[in-house]
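Every number here is computed from the coordinates shown, using simple stated rules; none is lab data. Not measured: the values here are computed from a predicted model. Positions of Cβ are generated from backbone atoms using ideal geometry, with glycine treated the same way; all protein chains shown enter the neighbour counts.
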Amino acid sequence: MLPEKINIENYQYNLPEEKIALHPLEPRDSSKLLKYENGAISHHTFSDIPDLLPENAMLVFNQTRVIQARLFLTKDSGAAIEVLILEPIMPSQDVLLTMGAQGSVTWECMVGNKKRWKEGEVIVMQDIEFSWANREQNQVRISWSDARVFAELLSDIGKMPIPPYIKRESTQKDKEVYQTVYALNDGSVAAPTAGLHFTDRVIKQLLTKSVRTEFITLHVGASTFKPVTAENALDHEMHAEKVFFTKLNVEHILKQNGPIIPVGTTSMRSLESLYWFGVGLLQKRLTAFVIPQYFPYTQEVGIPIHEAMQAVLDYMEANHLESIQGRTSIYIVPGYTFRVCRGIITNFHQPGSTLLLLISALIGDQWQNVYREALENDYRFLSFGDSSLLLP
């Protein structure tokens, strides 16, 4: 049930700058892991995770891959323009197709120093032309004449979009460390950072412990870093992100008897969105996989997960689909009732962020004890920081 107001001041905490990790640990699985379960807190190393999960658990990973989305341009006048590509417009809204395009693409972007880049101006970098396709809507056309596909062009000239609160330049090393070991599908401008702790060794150990693993895709947008500036957090606008499930994903979720635990907030939002798509189909309130921000709070709450998943499967079979692509703006805040997820593996998030609201929705005010305990025990915070396993 959605409350009338959520005061964002209640989700602030003091995060000293020295607690923010600027680089990840090596090896990845040597990071600290805080386990919270039913009010009890214990401290571990991330490599212990296979032994800490509930029996018959299924872990759901987001296999999106971060693209080198930051482009630094310089006008003839010397003015610096920074472009962060977000979503493809042309030749297709499909990321995979656009990454394979030749000659010209158009992307919706965030543009730094936009006032210095006028309508009609063309900026050239390494024989690549950048021009406005639609300045009002921040759509930038990128054109080149050689045989490279766009993915190769980005690899040559783009920089890794490390989080804006990490006060350093991205490095060659970030191409490796700001990417999960299982990353597969190009499209994110931010890593699903809960997964950065996993190594091939840990994933193999999960299988020996009979932990099921499932891989889905949600392409993370720059809005993941957008702060909640409204006093009432319910006035915050969530931007839509693309999410993908295969038919096998849905079948495995439908058959899962044990707890489903997402690796990261993106996987959690994806799974809960899939449930609400099924509910929308059953209630004939949705005809496409598009989940508005507050859709879950306006629906009947008694539909079991297996009925919702079966509805999605029926939809896919009726439309001869082996995979399904959707868009979700789901906003998980205190008052939300989880339908699919029974815990989460996640990092420690920024004060006053939508991600912290999600954590509070899962474990209530206990988030304060968890974060206090982490600060007192020298955990490293944010994207390159340490991890937690939260089991309400």
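Taking the Cβ of each residue in ARG327, ARG269, ARG65, ARG168 as the centre, tally the other Cβ atoms inside 10 Å and list the residues starting with the fewest.
Least to most surrounded, the residues fall as ARG168, ARG327, ARG65, ARG269.
List the lysines whose Cα sits under 19 Å from the Cα of LYS115, skipping any in the same chain fewer than 8 residues away.
Excluding near neighbours in sequence, the set is LYS75.
Go through region 337-353 residue by residue and turn each phi into a ³J(HN,Hα) via Karplus (6.51, -1.76, 1.60, θ = phi - 60°); whole Hz please, and just put x for glycine and proline.
In residue order, the calculated couplings are 9, 6, 9, 10, 8, 10, x, 7, 9, 7, 7, 9, 9, 5, x, x, 9 Hz.
Divide by every residue of the chain the summed helix terms, -39500 (n - 2.57) for each DSSP H run of at least 4, and state the resulting mean residue ellipticity at 222 nm, rounded to the nearest 500 deg cm²/dmol.
Details: 10 runs with 92 residues, N = 392.
Taking each H run of at least 4 residues, the total per residue is -6500 deg cm²/dmol.
Determine the sum of side-chain charges near HIS320: Lys and Arg each +1, Asp and Glu each -1, restricted to other residues whose C-beta is under 13 angstrom from that of HIS320.
-2
Select from region 82-153 those trypsin sites (Lys or Arg not before Pro) which occupy a DSSP coil region and have at most 13 other Cβ atoms within 10 Å, ordered by residue number.
For trypsin sites (Lys or Arg not before Pro) across region 82-153 that sit outside H, G, I, E and B with at most 13 neighbouring Cβ atoms in 10 Å, the list reads LYS118.
So which aspartates and glutamates pass the test for LYS247, namely a Cα distance under 17 Å, with those fewer than 8 places away in the same chain ruled out?
Qualifying aspartates and glutamates at Cα under 17 Å: GLU214, GLU272, GLU307, ASP314, GLU317, GLU322.
With +1 assigned to the C-beta of every Lys and Arg and -1 to the C-beta of every Asp and Glu, and no other charges, what is the dipole magnitude of the chain about the Cα centre in debye, to the nearest 20?
The calculation lands at about 80 debye.
Starting with the highest mean, order 81-90, 345-354, 120-129, 177-186 by the number of other Cβ atoms within 10 Å, averaged over the residues of each peptide.
345-354, 81-90, 177-186, 120-129
Quick one: if you take sqrt(5λ) for each eigenvalue of the C-alpha gyration tensor of region 267-351, what semi-axes come out, biggest first, whole angstrom?
Three semi-axes, in Å: 23, 14, 12.
Rounded to whole Å, give me the distance from the Cα center of region 241-285 to that of region 133-182.
29
Could you work out the local net charge near MET160, counting Lys and Arg as +1, Asp and Glu as -1, over the other residues with Cβ closer than 12 Å to its Cβ?
+3
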